[in-house]
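The values are calculated or read from the model by the stated rules, or taken from the named source; none is laboratory data. A quick note: this is a predicted structure, and the numbers were derived from the prediction, not measured. Cβ placement follows ideal geometry from the backbone for every residue including glycine, while neighbour counts extend to all protein chains displayed. Keep in mind that these areas ignore ligands, DNA and RNA; they rest on the heavy atoms of the full protein, side chains included. Shrake-Rupley method; radii C 1.70, N 1.55, O 1.52, S 1.80 Å.
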Amino acid sequence: MRNALVPPRFMMEIQPNSEKTLHSKLRALPPRKLDRLVASVNAVSARRHFFYKDKDNHPAGMVPVVFDKATLSKVQAVARAVYRFQLKAPELYRSDHKGFAGLVQLERRTKAWFERAPAGRGGGELLNRPDFGFEMRAGRITPVLFELNSLMLGGIYIQAVALEIISRCVLPGLGVKPGSMGLKTSPDLLVYLKRWLLDCRRRAGMEQGGGIGFLETLPPGGGFSELPRIAKFFSDAGIRGGHGDARDLELRKGRVCLRGMPVDYVYRDFSFEDSGGPENRRMRLFRRLWEEGRVVPGWPAEFDQKGILECFTSEEFDPLFTRTEARLLREHVPWTRVLTERKTKDERGKRVDLAEHTLKDRESLVIKPSWSSGGDGILIGKKIKPERWRKKVEEAVAHPGAFSVQAYVDAPPRPSAYLREGKLNLKDCRYTLGAFFDGKEFGYHLRMSPKDIVNVAQGGALTPIYIAS
């Protein structure tokens, strides 16, 4: 049975009727029908290589999460404001506008690339994925921006398969057609990525008959990656796609090639920090493509550290936004500061010593590493002992720019259903919504977890969203 973590009235406020109906249908399935449904999901997962770290089937939602248009319109408005600001980030860094270079620092190798290898045309291309949680305010669910992601986005392939699982297995297994419940599917992220990449390539004037290389910097022995499956999707669509390490590009008859395939455009799924620096001989062909404007995303993508959220919650940066944008960001971005020894304004607008304030208000704050992913290194003040919190504050003060402190947002859990390691879990979970935005269109994926930190690496699952029409 579902864990009774949330009062029924609260559930009704945050869960659309169509979603509640689908949960009821799932729970009411006779054991044999439920077993057949789980088997069909596992079969699709295996056929589509829907694996988590190449081991087990990826944890997948068994009921779509339904969002109303009003909530998504707020998410979209915040994403647009953030996107426009991030496009300005390289120039803000160069000029150190209002101390921006100290708030949103570049790591050593990335800084070397920034100083020695400016991008050519197309250097401003950006595909962003701000991640939102959800907070209950005055009886209404409100999206709250937690962080940005512009590199190593993750979830593009697995979200597309998750959408297929829900649409072709789960909903038919529940006897439901989306249209009959007034539900609209969110975009297929593989199709979304293809459109964006082809648009970028066209704007760069690089349609020369070559393929698109999907590059990363793989650790010794390789590692889990969605890119081979994404490259195959492009090839199946008639657009030559190849996958490999950025350091393995080679020159054949004057053309840059990846495993023998001529490459005229590249999608980089890695930070410059992982590349070995611009003088690395193994990166010389990548650098050539970069300087010719044949690589996306461009420099704005490197400025997605946690500290950038301070720019959205500090009056110092208000002139860079319209009044509407500044008001919107105050409403939907939790108070955030890069954690150093300095004076600043706290959540209530009172001027404080930041380190002392962080120690004093531990239970209302979260500390996050600037550059990590997967939920690693996040400390929720109310969940840990004061001594551990103090040590982390001391570490942050000793390494300026390495950590940020943020107001804690207690996202409400909601009834959820997902498969993990072949077993159906009926639990109340917290959600985070990733809103892909390329300056033109939106795509979405959603993660759920029964834990406080919502991430698949932290025990969660992934599911597509549907939109209530």
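Tally the residues that are in contact with a helix residue (DSSP H, G or I) (Cβ under 8 Å, 6 or more places away or on another chain) and over 27 Å from G298 (Cα atoms), restricting the search to segment 417-447.
5
The conditions are (1) open to solvent by less than 40 Å² (accessible area, probe 1.4 Å); (2) touching a residue at least 24 places away in the same chain (Cβ under 8 Å), and A101 fails exactly one of them. Which is it?
Every condition holds for A101 apart from (2).
Could you list all residues from segment 439-466 that are in a strand (DSSP E or B) and surrounded by 18 or more Cβ atoms within 10 Å (Cβ to Cβ)?
G443, Y444, H445, L446, R447, M448, S449, A461, L462, T463, I465, Y466
Check L174, L153, L106 and return the single one that is more than 21 Å from the chain's Cα centre (by Cα) and of a type in the set (A, V, I, L, M).
Result of the check over L174, L153, L106: L174.
Can you tell me which residue is nearest to I230 (Cα to Cα) among those in segment 161-177 that are open to solvent by 40 Å² or more (accessible area, probe 1.4 Å) and not in a helix (DSSP H, G or I)?
Across segment 161-177, the extreme among qualifying residues is K177.
For segment 122-129, does any single residue satisfy the condition of being charged (D, E, K, R) and under 24 Å from F233 (Cα atoms)?
yes
Show the residue pairs that are 6+ apart or on different chains and have beta-carbon atoms under 6 Å apart, the first residue being within segment 137-165 and in contact (Cβ under 8 Å) with a residue 12 or more places away in the chain, the second being assigned to a loop (DSSP other than H, G, I, E, B) and polar (S, T, N, Q).
So the pair list comes out as L151/S271.
Can you find, within segment 399-429, the residue that is modelled with the highest pLDDT among those that are among the hydroxyl-bearing types (S, T, Y) and open to solvent by less than 10 Å² (accessible area, probe 1.4 Å)?
The selected residue is S404.
Confirm whether F436 is surrounded by fewer than 18 Cβ atoms within 10 Å (Cβ to Cβ) and either more than 30 Å from V352 (Cα to Cα) or out of contact with any Gly (no Cβ under 6 Å at 6 or more places or on another chain) (or both).
no
If I filter segment 271-282 for residues that are open to solvent by 60 Å² or more (accessible area, probe 1.4 Å), under 21 Å from W113 (Cα atoms) and assigned to a loop (DSSP other than H, G, I, E, B), do I get at least one hit?
yes
Can you find even one residue in segment 339-355 that is under 27 Å from the mean Cα position of the chain (by Cα), within 28 Å of I453 (Cα to Cα) and open to solvent by 70 Å² or more (accessible area, probe 1.4 Å)?
no
Right, K382: under 21 Å from M136 (Cβ atoms), open to solvent by 60 Å² or more (accessible area, probe 1.4 Å), part of a helix (DSSP H, G or I) and charged (D, E, K, R) or not?
Yes.
Across segment 306-325, which residue is surrounded by the fewest Cβ atoms within 10 Å (Cβ to Cβ) among those that are within 22 Å of L359 (Cα to Cα) and among the hydroxyl-bearing types (S, T, Y)?
Only one residue fits best here, namely S314.
Just give me the residues in segment 242-262 being closer than 26 Å to W196 by Cβ, aliphatic (A, V, I, L, M) and either open to solvent by 60 Å² or more (accessible area, probe 1.4 Å) or under 27 Å from the mean Cα position of the chain (by Cα) (or both), in sequence order.
Correct list: A246 only.
So R108 clears everything in (1) within 23 Å of D245 (Cβ to Cβ); (2) crowded, with 17+ Cβ neighbours inside 10 Å except one condition, right? Which one?
All conditions are met except number (2).
Quick one: in segment 121-157, of everything that is more than 24 Å from A411 (Cα to Cα) and aliphatic (A, V, I, L, M), which residue is surrounded by the fewest Cβ atoms within 10 Å (Cβ to Cβ)?
Across segment 121-157, the extreme among qualifying residues is M152.
Restricting the search to segment 326-338, which residues are among the acidic types (D, E) and open to solvent by less than 10 Å² (accessible area, probe 1.4 Å)?
Hits for segment 326-338: nothing passes.
Could you say whether any residue in segment 394-407 is at positive phi and touching a residue at least 60 places away in the same chain (Cβ under 8 Å)?
yes
For every residue, the table says whether it meets (1) hydrophobic (A, V, I, L, M, F, W, C); (2) open to solvent by less than 10 Å² (accessible area, probe 1.4 Å); (3) at pLDDT 90 or above.
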{"position": "A4", "(1), (2), (3)": "yes, no, no"}
{"position": "P7", "(1), (2), (3)": "no, no, no"}
{"position": "S24", "(1), (2), (3)": "no, no, yes"}
{"position": "L29", "(1), (2), (3)": "yes, no, yes"}
{"position": "R32", "(1), (2), (3)": "no, no, yes"}
{"position": "A39", "(1), (2), (3)": "yes, no, yes"}
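Take the residues of segment 178-201 that are surrounded by 18 or more Cβ atoms within 10 Å (Cβ to Cβ) and basic (K, R): which is nearest to A231 (Cα to Cα)?
My answer is K194.
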